[in-house]
Amino acid sequence: MTAAGAGRFEAAFAARAAGGRPGIIPYVTAGFPGPGDTAPLLLACQRAGSLAAEVGIPFSDPLADGPTIQNAGWRALEQGMTPARAISQVAQARDAGLTIPVAAMTYINPVLAMGVEAFAAACAAAGIDGVIVPDLPVEEAAGLAASLGAHGLAHIPLVAPTTPTSRVARVAATAAGFVYCVSVTGTTGARASVSPAALDLLERVRSVTALPRALGFGISRPEHVEALARHCEAVVVGSALLDAIASGGDDPGVIAERFVRELRGVGAAG
Amino acid sequence: MTTAGRFGIYGGAFVPETLVPALEELEVAMNEALADPVFIAELDGWLYDYAGRPTPLTLARRLTEACGGAEIWLKREDLVHTGAHKLNNALGQVLLARRMGKTRIIAETGAGQHGVATATVCACFGLECVVYMGREDIRRQALNVYKMGLLGAEVRPVDSGSKTLKDATNEAIRDWVTNVENTHYVIGSVVGPHPYPTLVKRFQRVIGDEARRQALQRWGELPDSVVACVGGGSNAIGIFTAFLEDEDVELLGVEAAGRGIETGEHAASLEAGRPGVLHGAYSYLLQDAHGQVRETHSISAGLDYPGVGPEHAALRDAERARYVTCTDNEALRAFHRLCRMEGIIPALESSHALAVAERRARELGPGHRVLVCLSGRGDKDIDTVRAVGGTGEEMT
């Protein structure tokens with residue numbers, strides 16, 4: 001049993017073979033495609049060898065998200081998903097044997113509605129290890145970071161290609177677990193290739209912090225993951241996975257497990 | 001928490017990291033431009049030679065007689081070119097964007113007035129202009145959609161959420177995140193992340209600065225009450241700002257009560273919301289218990305918005321301004337009365353302010369003056385009013 005909270009990320013990244021392909025962090029929207037699918041999906045991601053997982057707590061106005069995650073969120077909200085229920089999905093998955101680190105991703109307003117301290121406490125109690133809030137830049141993040149820290153949880157901030165290196169250093173100083181590197185100027189959503197700006201950002205992050213780097217927004221294919229070997233420690237894959245699940249044809253867990261294995265470049269038995 | 005860009009505890013900049021450098025760049029450019037007499041002279045030139053400023057102060061003579069109370073005076077922003085106060089801000093922001101070297105302009109619009117104003121200024125400078133507009137607003141504001149096309153802008157329909165102003169704003173922000181290098185986002189109200197509420201206030205305060213000067217010239221004294229409608233709240237901040245230090249002048253903001261606050265179908269954020277973050281600012285917000293933003297209703301597309309500018313939240317908490325509400329039907333009745341008594345067809349947004357001004361004039365009684373910001377003209381609302389029918393007096 002590894003430590004919970006920020007320590008679980010440290011252990012997971014430390015256990016990863018250095019220099020190889022980045023680890024996979026699949027993103028699933030809580031309550032998508034159905035209210036009961038999230039815990040099984042997380043366990044499927046673990047079976048497929050994911051380094052960690054990210055659970056999106058849906059918000060009515062997701063500014064940083066493209067159409068795929070917007071649609072997944074609305075569908076989940078229409079079926080009655082709430083922040084408390086989303087958090088409890090992770091608790092269910094832990095009870096069923098989930099051991100990989102889990103980050104919750106949501107927007108600041110649902111956190112404020114629950115109360116910053118109550119949100120951090122609920123996340124900790126459910127076995128969530130870190131929190132990502134894409135509309136909370138470092139200037140506004142001190143309160144949440146303090147509450148998360150008090151519960152041993154990682155505050156995982158984002159940096160973007162437009163972030164100057166001096167600011168990257170300032171942001172990274174507030175981070176635990178890993179630094180979330182946004183690969184594009186844009187919203188989430190599958191893209192055809194990894195931009196040179198993303199590689200530049202990853203280098204700039206490495207120049208100011210020793211924390212692991214996870215690249216997200218747009219990563220969708222096994223060849224992206226392969227090309228990122230030695231450039232970053234993990235990739236976050238959300239929209240491409242949700243698109244695969246939405247296109248259906250199989251049980252969501254089966255689709256997710258196959259999808260993550262393909263990203264890892266391993267066969268069904270790997 | 002930073003104190004920059006705060007109005008009391010409200011405001012701030014809750015945006016994706018990608019936009020933070022752009023907002024910092026905008027703040028620097030704003031401060032430099034506003035301190036540069038050349039920029040101010042250029043802006044004033046456009047306001048006075050193109051937009052048609054200063055706008056008149058008009059006594060609503062028959063309406064005043066009918067109410068039997070205080071005199072009702074109208075600050076005529078409906079006479080600004082393109083038919084609303086929105087052009088004041090669009091001119092300022094597009095001039096600033098040119099100075100910053102931006103080649104592409106985007107905007108959101110609800111009633112279409114801000115979209116038309118932005119498209120107009122982009123036509124003047126040959127700039128590419130994309131306007132995001134909710135599908136529902138496109139339906140009820142067809143005239144303004146057509147106008148934007150005539151002016152060379154591209155109107156992009158938004159089908160997400162409630163298909164109104166909130167969703168158009170989301171989509172404009174997503175466009176800006178994607179195209180931030182060459183694009184300036186002209187926000188149409190005193191909402192959004194810092195520095196927008198401050199920037200838009202600066203470009204709209206001309207309304208109150210003029211009105212205060214005109215009041216002193218005409219009457220030798222200030223109005224007793226200043227009334228303006230509040231959606232995001234830019235015309236209200238525009239007319240309030242000049243009077244903030246005049247403690248005897250009452251400031252009255254009017255939110256849309258839609259079908260009635262008790263029905264839940266309204267857009268009165270200050271009246272029925274609680275603080276939260278939408279579109280990058282912390283302010284009053286209509287939301288459910290879980291922090292999901294609620295759908296709103298107002299007969300007036302320009303007020304159909306679940307948030308409100310952060311400075312209004314601070315003025316309310318400080319009790320420097322008072323905020324009241326007006327239903328769809330009350331606004332429609334005021335609309336018809338202004339048409340028939342004064343020969344002025346007001347915007348449905350402004351009609352909310354008119355309804356409360358009449359109420360306030362009766363309360364204050366003769367010997368007092370109520371100044372109303374007539375923020376826009378009602379040509380765009382003709383289809384909505386025609387669909388309701390009647391003259392408003394038969395409505396309860």
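All of the numbers you see were taken from the coordinates with simple rules; none came from a lab. Worth saying up front: this structure is predicted, and the values here are computed from it rather than measured. Don't worry about glycine lacking a Cβ; one is built from the backbone with ideal geometry, like all the others, and counts go over all protein chains shown.
Data table
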item	result
Distant-in-sequence amide H partners of B:E255 (H built 1.01 Å from N, under 5 Å)	B:V230, B:V324, B:T325, B:C326
Neighbouring partner chain Cβ atoms per residue of A:61-69, average, 10 Å criterion	5
Neighbouring partner chain Cβ atoms per residue of B:291-297, average, 10 Å criterion	5
0 to 90° range, to nearest 10: angle between helix B:20-34 axis and chain B longest Cα axis	60
FRET efficiency, B:R213 to B:R62 (Cβ-Cβ, R0 22 Å, nearest 0.05)	0.25
For A:M81, B:M133, order by how many other beta-carbon atoms lie within 10 Å, fewest first	A:M81, B:M133
C-alpha long axis of helix B:206-219 to longest principal axis of chain B, angle in °	30
Mean Cα-pair separation over length for segment B:100-202, i.e. relative contact order, pairs under 8 Å, 6 or more apart, %	33
Share, in percent, of DSSP beta bridges within chain B that are antiparallel, nearest 5	30
Distance between modelled label sites at A:A246 and B:T103, nm, 7 Å Cα→Cβ extension	3.3
Helical mean residue ellipticity (222 nm; -39500 (n - 2.57) per DSSP H run of 4+; nearest 500) of chain B	-13000 deg cm²/dmol
Virtual spin-label span in nm between B:I382 and B:E245, 7 Å along Cα→Cβ	4.5
Amide H contacts of B:E128 (H built 1.01 Å from N, under 5 Å, at least 5 apart or other chain)	B:I105
Rounded, prolate or oblate (a/c below 1.5 giving rounded, otherwise prolate when a/b exceeds b/c) for segment A:20-94 by Cα gyration tensor	oblate
Per-residue Cβ neighbour rank within 10 angstrom, fewest leading, B:I72, A:I255	A:I255, B:I72
Nonlocal amide H pairs with B:L74, under 5 Å, H built at 1.01 Å	B:T58, B:L59, B:A60, B:V372
The protein assembly as shown: antiparallel DSSP beta bridges as a percent of all, rounded to 5	20
Inter-chain shielding of B:160-172 (mean C-beta neighbours from other protein chains, 10 Å cut-off)	2
Ranking of B:C373, B:C339 by count of other Cβ atoms within 10 Å, fewest first	B:C339, B:C373
Fraction of beta bridges assigned by DSSP in segment B:16-138 that are antiparallel (%, nearest 5)	35
Relative contact order for chain B, counting Cα pairs under 8 Å that sit 6 or more residues apart, in percent	21
Listed residues A:A192, A:A210, A:A240: farthest to the positive end of the dipole of segment A:162-270 (Cβ charges)	A:A210
Cα-based helix-to-principal-axis angle, B:86-99 vs chain B, degrees rounded to 10	20
Karplus-derived 3J(HN,Hα), 6.51/-1.76/1.60, for each residue of segment B:359-371, Hz, glycine and proline x	4, 5, 4, 5, 5, 6, x, x, x, 10, 9, 10, 9
Simple spin-label estimate for B:F125 and A:T165 in nanometres, 7 Å along Cα-Cβ	3.3
Unmatched cysteines, the protein assembly as shown - criterion: no other Cβ of a Cys under 4.7 angstrom	A:C45, A:C123, A:C181, A:C232, B:C67, B:C124, B:C229, B:C326, B:C339, B:C373
Residue-wise HN-Hα coupling along segment B:381-391, computed from phi with Karplus coefficients 6.51, -1.76, 1.60 (Hz; x: Gly, Pro)	9, 4, 4, 5, 5, 4, 5, 6, x, x, 10
MRE, 222 nm, helices only [DSSP H, n ≥ 4, -39500 (n - 2.57), over chain A, to nearest 500]	-13000 deg cm²/dmol
Average Cα contact separation per residue, chain A, under 8 Å, 6 or more apart, as relative contact order %	24
